[in-house]
1. With charges set only on the Cβ (+1 for Lys and Arg, -1 for Asp and Glu), what does the dipole of the range 1-99 come to about its Cα centre, in debye to the nearest 20?
2. Per residue, what volume in Å³ does the convex hull of the Cα atoms of the range 4-105 enclose?
3. Explain nothing, just the number: relative contact order of the chain, from Cα pairs under 8 Å at least 6 residues apart, as a whole percent.
4. Please give the calculated 222 nm ellipticity per residue for the chain, where each DSSP H segment of at least 4 residues contributes -39500 (n - 2.57) and the sum is spread over every residue; nearest 500 deg cm²/dmol?
5. With charges set only on the Cβ (+1 for Lys and Arg, -1 for Asp and Glu), what does the dipole of the range 100-175 come to about its Cα centre, in debye to the nearest 20?
6. Tell me, how many Å apart are the Cα centres for the range 116-137 and for the range 39-102?
7. From the Cα trace of the chain, what convex hull volume per residue do you get, rounded to a whole Å³?
8. Using the alpha-carbon atoms, what tilt in degrees (0 to 90, nearest 10) does helix 105-114 show relative to the longest principal axis of the chain?
Amino acid sequence: MRPDTAKEKKLIDNLHSKDQAIVLETINILRHEGKVNYIPFIIELLKNTSAGEIRNSLIAFLNDLKYQGAVSELVNAVQNDKYKSERGIILSACWQSGLDFSMYLEIFIMLCITENCQNAIEAFSVVEHSISQSTKKEITDYIIQIKSHLNRVNREKKLMLVEMINMMEEVNEVV
C-alpha cells in the first residue's frame, strides 16, 4: 500500500520514528482509525522492532482487529515467509480477533499440518473459531484432507489432528 494522503504518509513515517512515544501514539491512532490498509505496515514494524513496549502495542493492535476486511491482510501475512518469525503472533491475532476466517480454513489446516507445534496450535484455534461457518461438504473435505496427512506427521501432531477431526465431526452433526 502506498499512502494516499499527506496524513497517511505522516502516520506511516511516524511508525518509523526514533521516538518511542511517537510510535506508540501513532499505533494508538491507527487502532482507532480502523483502516485495513495500515495492517501491512503494522506487521512490518512488528518484524523489525525489538522494543518490548512497541511490540506489545503492535500485538494488541492485531489482537483487537474487529473489521472483517482485515482477514485477507492477516492471511497474506501468515502465508508470507518474510514474516515466518512473527507467524505465531499473527496466527494468535487471527483467532483472538474473533473475525471469520472460514474462507481460508484450508490454509489454516495446512498450517496445522506443516508448522511447528506452537504455531499449529494457534492455527487449530483459528479453525476451531471459524469452522461453524463452513458447509457439511466443506467440513467433510477438510476431514479427508487431514486424514490424508495423518501418517506423515509426528505423534504430537497426529494427536492434535485427530482432535481436529473429532471437533469437525461434531460441528458437522450440527450444521
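1. Computed charge dipole of the range 1-99: roughly 120 debye.
2. Hull volume normalised by residue count: 95 Å³.
3. 15
4. -21500 deg cm²/dmol
5. The dipole magnitude comes to about 360 debye.
6. Computed from Cα coordinates, the inter-centre distance equals 17 Å.
7. Dividing the Cα hull volume of the chain by its residues yields 110 Å³.
8. Tilt relative to the chain: about 80 degrees.
Just so you know, all these numbers are worked out from the coordinates, no wet-lab data involved. For clarity, every value in this text was computed on a predicted model and none was experimentally measured. Ideal geometry is used to build each Cβ from the backbone, glycine not excepted, and the neighbour counts take in all protein chains shown.
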